[in-house]
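The values are calculated or read from the model by the stated rules, or taken from the named source; none is laboratory data. As the structure is a computational prediction, the values presented were derived from the model and not from experiment. Here the Cβ positions follow ideal geometry from the backbone for every residue, glycine too, while neighbour counts run over all protein chains shown. Remember, those area values only see protein heavy atoms, side chains included, never the ligands or the DNA or RNA. Shrake-Rupley method; radii C 1.70, N 1.55, O 1.52, S 1.80 Å.
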Amino acid sequence: MNRLYNALQLKRLHQLKQLGFRYVPLIETRSPSPSSLPDDLKTLEQIVSQCQLCPLSKTRTKTVFGEGDPHASLMFVGEGPGAQEDTTGRPFVGRAGELLTKMIENVLEIPRSAVYIANIVKCRPPNNRVPTPEEAYTCLPYLHKQIELIRPKIVAALGATAYHYLTGDKTGITKIRGTVLDMGDFKLVPTYHPSYLLRNPSAKKESYKDLLTIKGLL
């Protein structure tokens, strides 16, 4: 099983290299490989709720695993939980979450419950800072397993952090947004994070175009 996983990882790295992505330095963590994690979301969520593999476990109130349709064709991936998410244990429930919900329902014309929403890290970074590489790489196997189990056709990377850790590419979100990337098992579409749109309302026009791209792929 491990040989198959390693072979698939090498194939994915080769595909990313052909697309022009740069490799990122490996960071040793104690995180599990996706192949060693359970093959159902409920059990995986229980494991995440007890995770203490990185420093974020010491400051969290609740883990924020993700929510939505476990068979969704579309998955949104953000950076990490904020204050309200840390309190409720649900992703995107603050102001940014309200905007994301409107984007899903008004532009994509589907209910929020029809998509799946998760983050790069499952615990809130203090003061809503960007996750450190150690935190992100420790938590990524959980997200990779979610993607493997949900099998979405499209993954929308919300913001630069989500895009970077899903691809290893450090291209700025303003340059890469709206691009459709073939990740093998799914298409990846980077776009602005709703929090960015709240601070920069003029960018909503570009985000709207990205959503139309996503809608055309569904």
Enumeration of residues in region 59-76 that are among the polar types (S, T, N, Q) and either part of a strand (DSSP E or B) or open to solvent by less than 50 Å² (accessible area, probe 1.4 Å) (or both): Thr63
Residues to consider are Glu148, Glu105, Glu109; find the one that is closer than 20 Å to Met183 by Cα and surrounded by fewer than 16 Cβ atoms within 10 Å (Cβ to Cβ). Glu148
Is it the case that region 110-118 has a residue that's modelled with pLDDT of 95 or more and either more than 21 Å from Pro152 (Cα to Cα) or more than 18 Å from the chain's Cα centre (by Cα) (or both)? yes
Could you list all residues from region 113-134 that are surrounded by fewer than 21 Cβ atoms within 10 Å (Cβ to Cβ) and in contact (Cβ under 8 Å) with a residue 24 or more places away in the chain? Ser113, Ala114, Pro126, Asn128, Val130, Pro133, Glu134
Out of Glu98, Glu79, I need the residue that is open to solvent by 10 Å² or more (accessible area, probe 1.4 Å) and in contact with a Ser or Thr (Cβ under 7 Å, 6 or more places away or on another chain). Which one? Glu79
Given the criteria open to solvent by 20 Å² or more (accessible area, probe 1.4 Å), over 13 Å from the mean Cα position of the chain (by Cα) and over 22 Å from Ala136 (Cα atoms), does Lys153 qualify? yes
Across region 43-58, what is the number of residues that are assigned to a loop (DSSP other than H, G, I, E, B) and either closer than 29 Å to Glu109 by Cβ or open to solvent by 80 Å² or more (accessible area, probe 1.4 Å) (or both)? 2
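Within region 84-95, take every residue that is open to solvent by 50 Å² or more (accessible area, probe 1.4 Å) and not in a loop (DSSP other than H, G, I, E, B) and give me the one that is nearest to Leu149 (Cα to Cα).
In this case the residue turns out to be Thr88.
This table checks each residue for (1) at negative phi; (2) touching an Asp or Glu at 6+ places or on another chain (Cβ under 8 Å); (3) at pLDDT below 95.
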residue: Ala162; (1), (2), (3): yes, yes, no
residue: Lys170; (1), (2), (3): yes, no, yes
residue: Gly178; (1), (2), (3): no, yes, no
residue: Phe186; (1), (2), (3): yes, no, no
residue: Asn200; (1), (2), (3): yes, no, no
residue: Leu212; (1), (2), (3): yes, no, no
For Ser73, only one of the following conditions fails: (1) among the hydroxyl-bearing types (Ser, Thr, Tyr); (2) closer than 23 Å to Ala114 by Cα; (3) over 16 Å from the mean Cα position of the chain (by Cα). What is its number? (3)
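For region 187-218, which positions are hydrophobic (A, V, I, L, M, F, W, C), in contact with a strand residue (DSSP E or B) (Cβ under 9 Å, 6 or more places away or on another chain) and surrounded by 18 or more Cβ atoms within 10 Å (Cβ to Cβ)?
Within region 187-218, Leu188, Val189, Leu211, Ile214 meet the criteria.
Yes/no per residue for (1) touching a helix residue (DSSP H, G or I) at 6+ places or on another chain (Cβ under 7 Å); (2) at positive phi; (3) modelled with pLDDT of 95 or more; (4) hydrophobic (A, V, I, L, M, F, W, C):
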site: Thr61; (1), (2), (3), (4): yes, no, yes, no
site: Asp69; (1), (2), (3), (4): yes, no, yes, no
site: Met75; (1), (2), (3), (4): yes, no, yes, yes
site: Pro81; (1), (2), (3), (4): no, no, yes, no
site: Gln84; (1), (2), (3), (4): no, no, yes, no
site: Thr87; (1), (2), (3), (4): no, no, yes, no
site: Arg90; (1), (2), (3), (4): no, no, yes, no
site: Leu99; (1), (2), (3), (4): yes, no, yes, yes
Subset of region 28-57 [modelled with pLDDT under 95 and among the basic types (Lys, Arg)]: Arg30
So which pairs qualify, if the first residue must be in region 174-195 and over 27 Å from Glu98 (Cβ atoms), the second must be modelled with pLDDT under 95 and surrounded by fewer than 21 Cβ atoms within 10 Å (Cβ to Cβ), the Cβ gap must be under 7 Å, and the two must be at least 6 apart or on different chains? Leu181/Leu19; Gly184/Arg12; Gly184/Gln15
